[in-house]
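Report on one structure; see the data block that follows.
The values are calculated or read from the model by the stated rules, or taken from the named source; none is laboratory data. Since the structure is predicted, the reported quantities are computational estimates derived from the model, not experimental observations. Cβ sites come from the backbone with ideal geometry, for glycine too, and all protein chains shown count toward neighbours.
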Amino acid sequence: MTHRRLGILAAVLVIFTAAAADAQTYTMPKVRAITAFVRLDPATLDRQIADALTVLRNAKADFVRRGYQTETIRIVTQPLGELVGGQSDDDALRLLKTLDDLSAKEGFIPSVGAAMMRDTDDPRTMHLLATALSTLPNIQANSIIAAEDGIHWQVIRESAALVHYLTDHAAPSHGNFNFTATAMVQPYGPFYPGAYHSGAGRRFSIGFESANVVQEVFARTHGDFTGSVAELTRQLTIHARVAASVGASVAATTGWTFMGVDPTPAPLGEVSIGAAIETYTGAKFGSSGTMTAALIITTAVKGVPVRQVGYSGLMVPVLEDKLLAQRWADGTITTDALLAYSAVCGTGLDTIPYPGDISVDQLARIFGDVASLAWKWHKPLSARLQPVAGKRAGDLTQFDGPFLFNTKLHEVP
């Protein structure tokens, strides 16, 4: 091993030892995602996936040695149009099924990135994606509805049509759950479904499931804005530096490039960002003070001194967070309120349930609002909308997936 690599590994050990001692009074978060970015050649797909899995599993094993549990490992290909370029629809779907089947066998979550990145892209790719998402259980993907060149109104329309199609043709627990429209989101973020890249591949990034850290900090700093920002920044930094050290170590031994950490405190189920915010405000999510708590979280995340990628803000996925699903049923959360919170933080509208009779025009207007807000403030937002076929306002959802909590539907705004 070279002196340079020995020096990197020694520095990693020092960082980890100090971080572990500092974090011992808090519950450790899980690693939500270790995500690899590849540029697949269909002719060498198996070998390239095996190479990526070696990197991901090395990183996962390194986290285990440091006391962390990893939820998922993930692999993102080049944008769908580039992946299947020149192929017939039948050949393209066979390729996607091969990738989907391999993901089930090897235990990773696959993504084909962005199906449309700009208004001039061929909408046929979105139509192909609609078929794939309605028939394959694991593939995830996205579209880009706003970027530095402006708002992509044609992509918005195609995204709305895709969601409308999946509502009627795919299981509600995985069809629209596996698709999001993104706005001003940069490549190489670890979180799905908004992850994408258009580069050469052989890169990876890391994201945590750390809503529990936020809740424990707020329980100790209740009502203190400045103290909450300082303590939350400190605690998120501890784990982000561990991820950075893992990334540096794996990069040094594999030759892959580590792109960074997304410190967004992702929730899941009982690990609730809604509960964390209620701990700070002492009131239901959606009450006065929610905006302030959202600002605290985003300010702390932005202050974490590591190389950051992805959203780097606040994630409020209504259907993935048990308490937020209940608050949606209660009516204390609305689409407009979530958009308002997104002005200071957030990932926009994530896993939002709507009645199944929502129209393409209504969906397009919602996507347009998210794109407009993101482009105006140059901040990353996304919209993962989940209409439920056969359900109307006032009905209860009946999701059967393990990551979605049922709630009551309301009229479309």
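Is there a residue in the stretch 343-355 that is at pLDDT 95 or above, touching a Gly at 6+ places or on another chain (Cβ under 6 Å) and either over 15 Å from His410 (Cα atoms) or of a type outside the set (Phe, Trp, Tyr) (or both)?
There is no residue in the stretch 343-355 that is at pLDDT 95 or above, touching a Gly at 6+ places or on another chain (Cβ under 6 Å) and either over 15 Å from His410 (Cα atoms) or of a type outside the set (Phe, Trp, Tyr) (or both).
I'm trying to understand the selection: among the residues of the stretch 116-154, which are assigned to a helix (DSSP H, G or I) and under 16 Å from Asp91 (Cβ atoms)?
Arg124, Thr125, His127, Leu128, Leu129, Thr131, Ala132, Thr135
Being among the aliphatic types (A, V, I, L, M), within 23 Å of Asp100 (Cβ to Cβ) and surrounded by 16 or more Cβ atoms within 10 Å (Cβ to Cβ): is that true of Ala161 here?
yes
What number goes with the only condition from (1) under 22 Å from the mean Cα position of the chain (by Cα); (2) at negative phi; (3) surrounded by fewer than 16 Cβ atoms within 10 Å (Cβ to Cβ) that Thr98 does not pass?
(1)
Can we say Leu363 is surrounded by 24 or more Cβ atoms within 10 Å (Cβ to Cβ), touching a residue at least 40 places away in the same chain (Cβ under 8 Å) and either part of a loop (DSSP other than H, G, I, E, B) or touching a Cys at 6+ places or on another chain (Cβ under 8 Å) (or both)?
no
In the stretch 218-227, is there at least one residue being in contact (Cβ under 8 Å) with a residue 60 or more places away in the chain, outside the structural domain of Thr77 (by TED's automatic domain parsing), surrounded by fewer than 21 Cβ atoms within 10 Å (Cβ to Cβ) and β-branched (Val, Ile, Thr)?
No, the conditions are met nowhere in the stretch 218-227.
Scan the stretch 55-89 for residues that are surrounded by 14 or more Cβ atoms within 10 Å (Cβ to Cβ) and assigned to a helix (DSSP H, G or I) and jot them down.
Across the stretch 55-89, the qualifying residues are Val55, Leu56, Arg57, Asn58, Ala59, Lys60, Asp62, Phe63, Leu80, Gly81, Glu82, Leu83.
Look at Gly227 and say whether it is more than 21 Å from the chain's Cα centre (by Cα), under 20 Å from Gly289 (Cα atoms) and at pLDDT below 95.
So Gly227 fails the test.
Which one is nearest to the chain's Cα centre (by Cα), of the residues in the stretch 333-355 that are outside any helix (DSSP H, G or I) and surrounded by fewer than 18 Cβ atoms within 10 Å (Cβ to Cβ)?
Among those that are outside any helix (DSSP H, G or I) and surrounded by fewer than 18 Cβ atoms within 10 Å (Cβ to Cβ), it is Ala343.
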